[in-house]
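Taking it in order: structure first as structure tokens, then the write-up.
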Amino acid sequence: MNDATRWVKNKIRETQNGISVSGQTPNGLLILQDSTSYSFRLAVLGISDVIRLPHVQPLFGEEDEPDMVINVPSKTIWSGDAIRFIHKSGASFGTFGDIERAAAGEIASSFRNKDMSFFIRAINQHQNVEECSYVYDCVFKATRRRGAPLTIAVVAAYNLSAEHVRTARTRFGHFDVIVKSSSHGSITSQASTAANSMGAEALTFGNLMKRLYQ
């Protein structure tokens, strides 16, 4: 059992949130069970940089495969290749905080982050978008029918600040558009200035939909 798995096992015991560890598979997956006796297999990674394809591939292909994969620490970035592989393998990914939400749906393998699912679905359904795919867990590439592709970073913020923009650039590198996930609040003028200085735009969701046409 790796240190991250041990931490999750102990944390579940401490939180008393209706989830318990009922066992462990020979290849180190935790078997979790909720109060309704629904159970699923959880893989825990301990990657501190970026979670890439080689980190997740060894989790699959054995008799016991995970229904869900999480990482400790939770702020680690998931690469698009890793996400696509997990989803193609019939599993989900998330954070420690997502375990209870995944169990509540009683199909942990189909769990998806609600905010990110909203954005990727809305962008995919846009009339001028051929495909929307993950670059990272909160960065998407929109391939458009007319116009160059747009890389879109989504930030969990009520009021988008210049600091949000600068932090996103440090974490994710290049993006063309940065958008806040909340439909409330505002984009500060400082955020717009910071984005413009990087050759990007800071937009609300509504303005992002318009920008996809341009």
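Derivation of every value follows stated rules applied to the coordinates shown; laboratory data play no part. In this text the structure is predicted, and so the values were computed from the model without any measurement. Neighbour counts are summed over all protein chains in view; Cβ atoms, including those assigned to glycine, are modelled from backbone coordinates with ideal geometry.
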Connecting C-alpha atoms closer than 10 Å in a GNM of the chain, tell me which of M198, M116, M68 has the biggest fluctuation.
M198
Please give the length that would be gained between V50 and S35 if that part of the chain were fully extended, namely 0.36 nm times their separation in residues minus their C-alpha to C-alpha distance (nm, one decimal).
2.0 nm
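Filter the chymotrypsin sites (Phe, Trp or Tyr not before Pro) in segment 141-212 down to the DSSP loop ones having no more than 15 other Cβ atoms within 10 Å, then list what survives.
Of the chymotrypsin sites (Phe, Trp or Tyr not before Pro), the ones in loops of segment 141-212 whose Cβ has at most 15 other Cβ atoms within 10 Å are Y158.
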Candidates T188, T151, T204: whichever shows maximal mean-square fluctuation once the chain is modelled as a Gaussian network with Cα springs under 10 Å
T188
Using Cβ counts within 10 Å as a stand-in for footprinting exposure, how do T76, T5 rank, fewest first?
T76, T5
With runs of 4+ DSSP H residues as the only contributors, calculate the mean residue ellipticity of the chain at 222 nm using -39,500 (n - 2.57) per run, divided by the residue total and rounded to the nearest 500.
-9500 deg cm²/dmol
Expressed as an acute angle from 0 to 90° and rounded to the nearest 10, what is the orientation of the C-alpha long axis of helix 162-172 relative to the principal long axis of the chain?
60 degrees
Over 31 Å between C-alpha atoms is what I'm after, so list which of K9/K141; K9/K180; K75/K141 land there.
K9/K141; K9/K180
DSSP-defined beta bridges in the chain - what % are antiparallel, rounded to 5:
55 percent
Which one of T25, I77, N124 has its Cα pushed farthest toward the positive end of the charge dipole of the chain, where Lys and Arg give +1 and Asp and Glu give -1 at the Cβ?
N124
Estimate the FRET efficiency between K75 and R146 by the formula 1/(1 + (r/R0)^6), using the beta-carbon distance for r and 41 Å for R0, to the nearest 0.05.
0.65
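Take the chain, mark every one of the trypsin sites (Lys or Arg not before Pro) that falls in a DSSP loop and has at most 12 other Cβ within 10 Å, then report the longest stretch left between them, sites excluded.
Values: sites that count: K75, R145, R146.
Longest site-free region, per DSSP loop and neighbour criteria: 1-74.
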For the pair E100 and D115, the simple spin-label estimate (label points 7 Å beyond Cα toward Cβ) gives in nm 1.8 nm
Mark the label point 7 Å from the Cα of A122 along Cα→Cβ and return the residues of segment 179-214 whose backbone N is within less than 15 Å of it.
179-187, 202-213
With angles folded into 0 to 90 degrees, how steeply does helix 114-124 sit against the dominant principal axis of the chain? Use alpha carbons for both and round to 10.
50 degrees
With the 8 Å Cα cutoff and a minimum separation of six or more residues, the chain has a relative contact order in percent of 12 percent
Identify, among S89, T167, S192, the residue whose Cα sits farthest towards the positive end of the charge dipole of the chain, taking +1 on the Cβ of Lys and Arg and -1 on the Cβ of Asp and Glu, with the dipole about the Cα centre.
S192
